[in-house]
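Working notes for the structure below.
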Amino acid sequence: MDIFEEINIKGFVDEPIDPTLDLFEEIEKLKKEKNAVILAHYYQEPDIQDIADYIGDSLGLSQEAAKTDADIIVFAGVHFMAETAKILSPTKKVLLPDLKAGCSLSDSCPPHLFSKFKEKYPDHLVITYVNCSAELKALSDIVCTSSNAVQIVESLPKDQKIIFGPDRNLGTYVAKKTGRDLVLWNGACMVHEIFSMQRIAKLRAQHPEAKFIAHPECEDAILKTADYIGSTTGLLKYTMNSEAKEFIVATESGIIHQMEKANPGKVFIPAPPNNTCACNDCPHMKRNTLEKLYLCMKNELPEVSVPMDVIEKARLPIERMLEISARLGL
Ligand code: 13P
Ligand code: SF4
């Protein structure tokens with residue numbers, strides 16, 4: 001099996017690694033040798049967050065990808081994030097430790113079906129959440145993330161008709177915050193839909209002083225009970241600015257690593273899902289490991305590619321988002 005066949009089947013180059021190697025040292029060496037930068041999302045495993053040059057939410061990561069002068073962007077996140085980096089920096093090599101690190105939310109909105117949906121609303125502007133494929137971005141007018149979705153909708157005239165996709169939960173939240181009537185695509189994230197109202201209520205009764213904080217990808221019923229709602233960066237900042245000592249966190253559990261690092265002595269409890277598991281891991285985000293990160297930097301594979309015609313169409317809606325965010329100081 002050649003290396004490309006292996007990537008197709010497994011998603012990464014499955015090479016034996018010398019067990020005596022210190023992977024942190026090796027990755028640091030490769031970064032310097034290849035002028036590579038590692039951008040990691042907060043949902044990555046702690047070791048990857050600790051070796052990254054930049055850790056952030058989806059907005060911060062795309063802002064970094066747009067301005068880096070590295071030759072290689074190693075994206076420790078999921079496929080749509082690496083695609084966004086490639087669209088913003090098409091001449092750079094963009095690597096993803098595991099090409100199969102996808103996203104259930106992105107998968108819930110196939111571009112050919114969205115295209116038909118869009119045809120039903122010819123006078124509507126299309127705002128898409130960044131958690132979607134490059135093809136979907138190419139069908140959009142403006143992209144947004146969870147940290148700027150409200151402001152992006154508010155930046156448009158009040159009577160502007162809007163389709164919002166693919167996340168119906170973020171869309172419902174934005175519609176409520178802005179008082180706008182958005183046409184929503186019915187997609188959702190498997191991680192944020194799994195929280196149990198009943199188990200959260202029980203946990204809150206056991207920790208009456210704890211603040212309950214939630215990502216806007218959670219369902220409306222969960223968000224209604226939250227003390228604070230925000231993107232991963234928003235949630236992290238809230239824990240740093242709050243006087244509270246305990247937090248129940250309704251998002252992917254990877255963010256707790258940064259919360260604990262930034263808040264010694266404070267306690268972070270993952271919000272319980274509606275099954276017997278104790279935490280919420282995104283199986284896509286967690287496909288990346290330190291070993292795969294090392295191998296992808298060593299082999300410069302797997303590489304993320306986006307067809308040039310898609311790059312050209314998808315770039316404008318992402319740039320519009322970055323411009324609006326810069327103008328608003330986000
Ligand atoms: P943010 O990084 O914008 O908070 O989004 C979270 C997420 O689900 C990324 O997949
Ligand atoms: Fe997609 Fe949800 Fe995983 Fe984020 S947490 S990558 S939205 S499946």
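The values are calculated or read from the model by the stated rules, or taken from the named source; none is laboratory data. Predicted model, so just to flag it, every value in this text is computed and none were measured. Don't worry about glycine lacking a Cβ; one is built from the backbone with ideal geometry, like all the others, and counts go over all protein chains shown.
Just a few scattered comments:
- Selected residue (criterion: farthest from Ala70 (Cα to Cα)) from residues of segment 3-55 that are assigned to a helix (DSSP H, G or I) and among the β-branched types (Val, Ile, Thr): Ile9
- So Gly179, is it within 23 Å of the chain's Cα centre (by Cα), modelled with pLDDT of 95 or more and either within 15 Å of ligand 2 (Cβ to nearest atom) or surrounded by fewer than 23 Cβ atoms within 10 Å (Cβ to Cβ) (or both): no
- Check on Leu21, buried (at least 18 other Cβ atoms within 10 Å of the Cβ), over 23 Å from the mean Cα position of the chain (by Cα) and at pLDDT 95 or above: no
- Among the candidates Val126, Val130, residue that is in contact (Cβ under 8 Å) with a residue 12 or more places away in the chain, away from ligand 1 (no atom under 14 Å from the Cβ) and out of contact with any His (no Cβ under 8 Å at 6 or more places or on another chain): Val126
- Residue check, Leu59 out of contact with any Asp or Glu (no Cβ under 9 Å at 6 or more places or on another chain), in contact (Cβ under 8 Å) with a residue 40 or more places away in the chain and within 16 Å of ligand 2 (Cβ to nearest atom): yes
- Answer from Pro46, Pro97, Pro111 - the residue that is more than 23 Å from Ala175 (Cβ to Cβ), more than 15 Å from the chain's Cα centre (by Cα), within 16 Å of ligand 1 (Cβ to nearest atom) and modelled with pLDDT of 95 or more: Pro97
- Boolean, Glu28 is at negative phi, in contact (Cβ under 8 Å) with a residue 60 or more places away in the chain and touching a helix residue (DSSP H, G or I) at 6+ places or on another chain (Cβ under 8 Å): no
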